[in-house]
Amino acid sequence: MNSSLPLIVYIHGFNSSPASEKARNFIAYCKQFNAFNLQVPALSHNPEVAIEQLEKLISNGGGTPYLLVGSSLGGYYATYLGEKYACRAALINPAVSPVKHLGEGFLGPQKNLYSGEKYEFTREYGMFLATLDVDPLQHPENYLLLLQTGDEVLDHHLALERYAGSLQVVQEGGSHRFEGFDNMIAPILEFAKNGTLGQETMAAMRSI
């Protein structure tokens, strides 16, 4: 859908969907302002198809996103697209080189937590997923990294290293789903607008 409004794309994680709590809360917050062309696609489990979906949305939205927001595997996708389009992105407990670090954990029978869809994550999917890896980043200044050290799925140290040149907010504890995400939405939009965060915003985010 073409729109003159700034394009924001929310990219959900592995076996997730637009019905996730984070996605729903992000949609509700943004809709208050009627100021964005907000797209929250239900992505294919096939990474190649998922990227095609996202690139089509970006093309239809004017060619360069105002902001990408990616959670978990969505953060991995957002990094690939952020580098390709040189746009800003907020990453929530993002996956870093998932094929390298999670290996066989991706493969085999899977089930989407929201749609109930069952499918097989194949080696071919994994091979394509690996091609999306960006290391090193060419535009680290374009990323806002949001991490909780209690992430039980991904090693947050990998993200700290990969996004060392990016703006980082690290909260002790929490979980992979990122507890208290609602409090991050206004700062995410502040970063989208300014490319940075004010000192008061940073202090408030780190104290939550």
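Restricting the calculation to Cα atoms, the range 1-64 shows an Rg/Rh of 0.97 when the hydrodynamic-style radius is the Kirkwood one.
By the beta-carbon count within 10 Å of each Cβ, the least crowded to most crowded order of 177, 123, fewest first, is 123, 177. So for the range 25-93, Kirkwood radius off the Cα pairs, Stokes-Einstein at 4 °C and 1.567 mPa s: how many µm² s⁻¹? In µm²/s, the coefficient is 104.
Working note: 222 nm ellipticity from helices only, DSSP H runs with n ≥ 4, each -39,500 (n - 2.57), summed and divided by the residues of the chain, gives -11500 deg cm²/dmol to the nearest 500. Extending 7 Å from the Cα toward the beta-carbon at both residue 64 and residue 33 defines two label points whose distance is 1.9 nm. Here, the range 46-165 yields an orientationally averaged convex hull projection of 7.5 nm² when only Cα atoms define the hull. Measuring from centroid to centroid over Cα atoms, what is the spacing of the range 1-51 and the range 133-188 in Å? Using only Cα atoms to place each centre, the spacing works out to 19 Å. Couplings 3J(HN,Hα) for the range 165-179, derived from phi with the Karplus relation 6.51 cos²θ - 1.76 cosθ + 1.60 (θ = phi - 60°), are x, 9, 5, 10, 10, 10, 10, 6, x, x, 7, 4, 6, 6, 5 Hz, where x marks Gly and Pro. Taking label points 7 Å from Cα along the Cα-to-Cβ direction, residue 141 and residue 49 give a separation of 4.0 nm.
Counting only DSSP beta bridges with both residues in the range 7-207, tell me the antiparallel percent, nearest 5. Counting DSSP beta bridges with both partners in the range 7-207, the antiparallel share is about 15 percent.
Can you compute log10 of I(q)/I(0) for the range 157-207 with the Debye formula, treating each Cα as one identical point scatterer, at q = 0.21, 0.25 Å⁻¹? Debye output, listed in q order: -0.88, -1.18. Restricting the calculation to Cα atoms, the chain shows an Rg/Rh of 0.93 when the hydrodynamic-style radius is the Kirkwood one. Springs join every pair of Cα atoms under 10 Å in this Gaussian network model of the chain, and among 33, 121, 14 the largest mean-square fluctuation is at 33.
Read the figures in this text as sums done on the coordinates, not as results from a lab. Small disclaimer: the values here were computed from a predicted structure and weren't measured. For neighbour counting, all protein chains shown are included, and Cβ atoms are generated from backbone atoms with ideal geometry for every residue, glycine included.
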